[in-house]
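What follows is one structure encoded as C-alpha cells, with my remarks underneath.
FYI, it's all coordinate maths here, none of it is from the lab. What you are looking at is a predicted structure, and each value in this text was computed from that prediction instead of being measured.
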Amino acid sequence: MLPKALTNAIEALGMLPGVGPRTAERYAYYLFKSSPKIAEGIATALTELHDGVKSCPVTFALIGADEELSPFYTDETRDKTTVLVVEEPLDIYAIEQTHSYKGTYHVLGGAVSPIDGITPDQLHIKELIDRIDKDNVEEVIIATNPSVEGESTALLLEKMLHEKSPKLKLTRLARGLPLGVDLSYADQITLNAALENRTEL
C-alpha cells in the first residue's frame with residue numbers, strides 16, 4: 001500500500017496521453033525523490049497554463065494571454081495571401097523549424113472523425129473560408145496528417161474551398177518516402193504516396 005499522496009500523484013500523471021501505470025509510478029517517485037522545487041515548478045507551470053494561453057481569433061494558433069493576435073499573422077513580413085492549414089496548433093512549430101515557409105497559418109482544431117464525434121462544423125472551416133476573402137488569399141496549402149481522418153478532412157476542405165472560390169490555388173504537402181528510409185521498411189500507404197508524387201529527373 002502506497003501513501004495516499006503518492007497514489008494521487010500516480011493517478012494524476014497517469015491521465016496524461018501515452019503514460020501508463022508503470023511510467024506514472026516512475027514519474028511520481030522521481031518527483032518525490034527530487035528537490036521539492038522541481039515539483040513546485042511543475043505545479044506552478046500547470047496552474048498558470050490555462051490563464052496564460054489562449055487561441056488567436058483569426059489563425060487559432062496558440063498565443064499568450066496578453067496578445068491579441070498571433071505574431072504569425074501580424075508580422076508584416078508574412079505573406080497573408082498564402083495560408084497553410086494544419087490540424088493542431090503544435091503542427092505550426094514543426095513547419096516553422098524548416099525556416100522555409102513565409103506565409104500564414106490556419107489551425108482547424110482537429111480532423112473530421114465520425115467515430116470520435118468530430119464533425120466538420122466543429123472545425124474552424126468557416127473561419128478559413130472567411131479569411132480567403134478578407135485577406136485576398138491566393139493559395140491554401142493543406143497540411144493535414146497522413147491518416148484516414150486527415151485525408152478525409154483534406155478532401156472535404158478541397159470540395160468546400162473550390163465551391164466557394166473556384167480560382168483559389170489549392171495545394172497539399174507532398175507525401176512519400178522520407179530521406180534515409182530503406183524501401184523494405186516503408187509501409188504500403190507511404191510507398192503508394194511516393195509513387196503518386198514521383199518527380200521527373
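Numbers for the structure displayed
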item: 3J(HN,Hα) from dihedral phi, region 179-194, Karplus parametrisation 6.51/-1.76/1.60, rounded to Hz, x for glycine, proline; result: 4, x, 9, 6, 3, 5, 9, 7, 7, 5, 5, 5, 5, 4, 5, 5
item: For the chain, calculated [θ]222 nm from helices alone, where every DSSP H run of n ≥ 4 adds -39500 (n - 2.57); result: -13000 deg cm²/dmol
item: Percent breakdown of C-alpha pair distances by 10 Å bin, ordered from the shortest bin, for the chain; result: 7, 25, 27, 23, 14, 4, 0
